[in-house]
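The values are calculated or read from the model by the stated rules, or taken from the named source; none is laboratory data. The structure displayed is predicted, hence computed values, not measured ones. Every residue, glycine as well, gets a Cβ built from its backbone with ideal geometry; the counts of neighbours run over all protein chains shown. Just the protein is used for accessible areas: all its heavy atoms, side chains included, with ligands, DNA and RNA removed. Shrake-Rupley method; radii C 1.70, N 1.55, O 1.52, S 1.80 Å.
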Amino acid sequence: AVVSTQSTGKVTLRAFEEIIILPDINSLAQEEVQELNNRQSLMVENILNYLKNYFTDNSDNCTKAKSVEKMSEMRHLRKVLSDYRLTTDTLIKNFVNNAESQNWYAEQEDSLGELQLQVDLFSPPGQEHHDLTVKVVSASRLNWNTTKMFKPFVEVNLIGPGTSGVKRRFTTGSKTKTYSPLFNESFHLKILKPNEPNDYELQFSVKDWCLVKTDQLVGVAVMPLRCLIETGSIQDRLALGRCVYLTKENLSIVIILSQRIHDEVAQEFVKLKNLERTEII
């Protein structure tokens, strides 16, 4: 009976999460989105306490309160509810610091190509910002099928806290008739202090330029800036994946931010993390 009650509790908590707290992000796009505010998230926490009490009583056949509280489902829900009360900057900072293996698809699936990059970080003394120079050198062996002229280009996005009002998106020119284009284009970005570079990442998206339709994604790769902290400079080749990999915790952050429909930074972040190649290899 104890096992049965525990199983019922877990199923109930999972359903509560999927329907109320973290609905599927695709369903959010099809209906009017309304974010949980502080007052509502506190109300939901009270409902969680009610659910805990429902699956707990003084009989030997029911789950003890401590057991319910220790359920991974309950701990996750309480963490998500606390995240709802955080600012967009804090959520994005947490995402970057906790991100693991965002390039997992590039490492595990068939190659979609590579990007050759050089990134330099410099913190001038007495200045209110860190300087970041990103050079997109080239792409190679881009895996793309099209009946039209292929025009690859690279989009560079700076992701991190405090980017509102700061230029954070840059694009190279497009190249034609080549699957290994040479770009040699540099971009200069600024990270405003007191923010630290290790709270940021660069997301690179190779796309096929289209005049009329939306540019199509060839592949995507992410570079966390914490890899530059010791040396201040890096030359690297990044494999391209069909999308970025999201852990359960970071997917929760994306869903929370997707509900902030009037927040430009939040919506841009969600769009970047939801990029996915639709063309079949």
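Sorting Trp144, Trp104 by accessible area puts them as Trp104, Trp144; the probe is 1.4 Å, largest comes first, and only protein heavy atoms count. Pairs of lysine residues in segment 150-227 that meet both criteria, 8 or more places apart or on different chains and Cα atoms under 27 Å apart, total 15.
What is the sum of charges, Lys and Arg at +1 and Asp and Glu at -1, for the other residues whose Cβ falls under 15 Å from the Cβ of Met149? So the surrounding residues net to +4. What you get for segment 88-131, charging only the Cβ of Lys and Arg (+1) and of Asp and Glu (-1), is a dipole of about 200 debye around the Cα centre.
Using heavy atoms of the protein chains and a probe of 1.4 Å, the accessible area assigned to Tyr105 is about 50 Å². What does the charge count around Asn94 come to, taking other residues whose C-beta lies under 12 Å from its C-beta (Lys +1, Arg +1, Asp -1, Glu -1)? With Lys, Arg at +1 and Asp, Glu at -1, the net is -2. Taking Val212, Val156 and ordering them by how much accessible surface each has at a 1.4 Å probe, largest first, produces Val212, Val156.
Among residues other than Gly241 with Cβ under 12 Å from its Cβ, the summed charge is -3 (Lys and Arg +1, Asp and Glu -1).
Accessible surface of Asp215, taken over heavy atoms with a 1.4 Å probe and every protein chain present, rounds to 50 Å².
For segment 126-275, the dipole from Cβ point charges (+1 on Lys and Arg, -1 on Asp and Glu) about the Cα centre works out to 700 debye, to the nearest 20. Simple point charges give the picture: +1 on the Cβ of Lys and Arg, -1 on the Cβ of Asp and Glu, and for segment 131-186 a dipole about the Cα centre of about 240 debye.
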